[in-house]
Amino acid sequence: MGCCSSKNADSRASRVARWRSTGIVALRDSKLKTFPDEVLNLERSVRTLDLTHNRLVDVPTEICKLINLQRLILADNLIERLPLNLGKLQSLKVMTLDGNKVTTLPDELGQLVKLERLSISGNLLLQLPETIGSLRNLVLLNVSNNKIKFLPESIGSCYSLEEFQANENSIEDLPCSVCNLVNLKSLCLDNNDVKQIPPNLLKDCKSLQNISLHGNPISMDHFQQMEGFPEFESRRKRKFDKQIDSNVMISSKGLDEGVDL
């Protein structure tokens, strides 16, 4: 019995030493119900924390000790809320919370000014905080499969945003501020309640190459009559011509035409 305990202790010590050395903590499919203390105690050493597919219900306030954390991956858990001190993770660049039960994002989210990728699809969000506009380095935002009815006007301040996925929500319209997203390349809003989009969207979003609006009460005629449609169409065609020239594989769904209504 003592020998077995000694081996377990040695194994844990070895694992912690490896985490400290690499900065990577990966505990997928480990049936965890709480964050391991041995991980939180590593503090400055952790740069990547992956706890995908466990049974976590919440994120402890002690997570703020991981001040050098850059990647936080908590997909497929049972998380209902995020701590208010989340904003102290000032080094965070990637946060993945897909497939949880989160109902609201704290205003402190806006303090994560280095965040580049935020994915929180398959949750229970009703809205996004106004502070999301402070995420000026955000490149990808995925809020698909939630219960969002409207987007905050501040979304237009996410100037670096290139890809915005908001499929399977209850969004009725887009704020005019989305026209400020000059780096936006892909906008996916399938299966919402969008009746119209800002009239200057195609004209002002000069990087836009793909719009997907399947399952919305909006017509192709309305879209084609928008100012900037010919230029958008030209960008779309250049994108797919380039893909074809590069022998990009086409999925079983066929080639994405870029304008999906």
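The values are calculated or read from the model by the stated rules, or taken from the named source; none is laboratory data. Everything numeric in this text was worked out from a predicted model, so none of it was measured. Quick reminder, even Gly has a Cβ in these numbers, built from the backbone with ideal geometry, and neighbours come from all protein chains shown.
Below, the figures for the structure above:
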item: Hey, Asn77 touching a His at 6+ places or on another chain (Cβ under 8 Å), buried (at least 16 other Cβ atoms within 10 Å of the Cβ) and closer than 17 Å to Asn100 by Cβ or not; result: yes
item: The listed residue being hydroxyl-bearing (Ser, Thr, Tyr), assigned by TED's automatic domain parsing to the domain that holds Asn142, over 14 Å from Val57 (Cα atoms) and assigned to a loop (DSSP other than H, G, I, E, B), out of Ser121, Ser91; result: Ser121
item: Residues that are part of a loop (DSSP other than H, G, I, E, B) and surrounded by 16 or more Cβ atoms within 10 Å (Cβ to Cβ), drawn from segment 94-103; result: Leu97, Asp98, Gly99, Asn100, Val102
item: One residue from Ile79, Ile24 being modelled with pLDDT of 95 or more, under 25 Å from Ile132 (Cα atoms), not assigned by TED's automatic domain parsing to the domain that holds Ser154 and not acidic (Asp, Glu); result: Ile79
item: Some residue of segment 89-105 being more than 15 Å from the chain's Cα centre (by Cα) and of a type in the set (Asp, Glu); result: no
item: Residue under evaluation Asn167, criteria (1) buried (at least 19 other Cβ atoms within 10 Å of the Cβ); (2) without any contact (Cβ under 8 Å) to a residue 40 or more places away in the chain; (3) more than 13 Å from Phe229 (Cα to Cα), criterion not met; result: (2)
item: Criterion: under 15 Å from Leu151 (Cβ atoms) and either surrounded by 14 or more Cβ atoms within 10 Å (Cβ to Cβ) or at pLDDT below 85 (or both) - qualifying residue of Ile197, Ile218; result: Ile197
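Okay, residues lined up against (1) assigned to a loop (DSSP other than H, G, I, E, B); (2) more than 24 Å from the chain's Cα centre (by Cα):
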| site | (1), (2) |
| --- | --- |
| Ser170 | yes, no |
| Cys179 | no, no |
| Leu184 | yes, no |
| Lys206 | yes, no |
| Asn216 | yes, no |
| Asp221 | no, yes |
| Glu227 | yes, yes |
| Glu231 | no, yes |
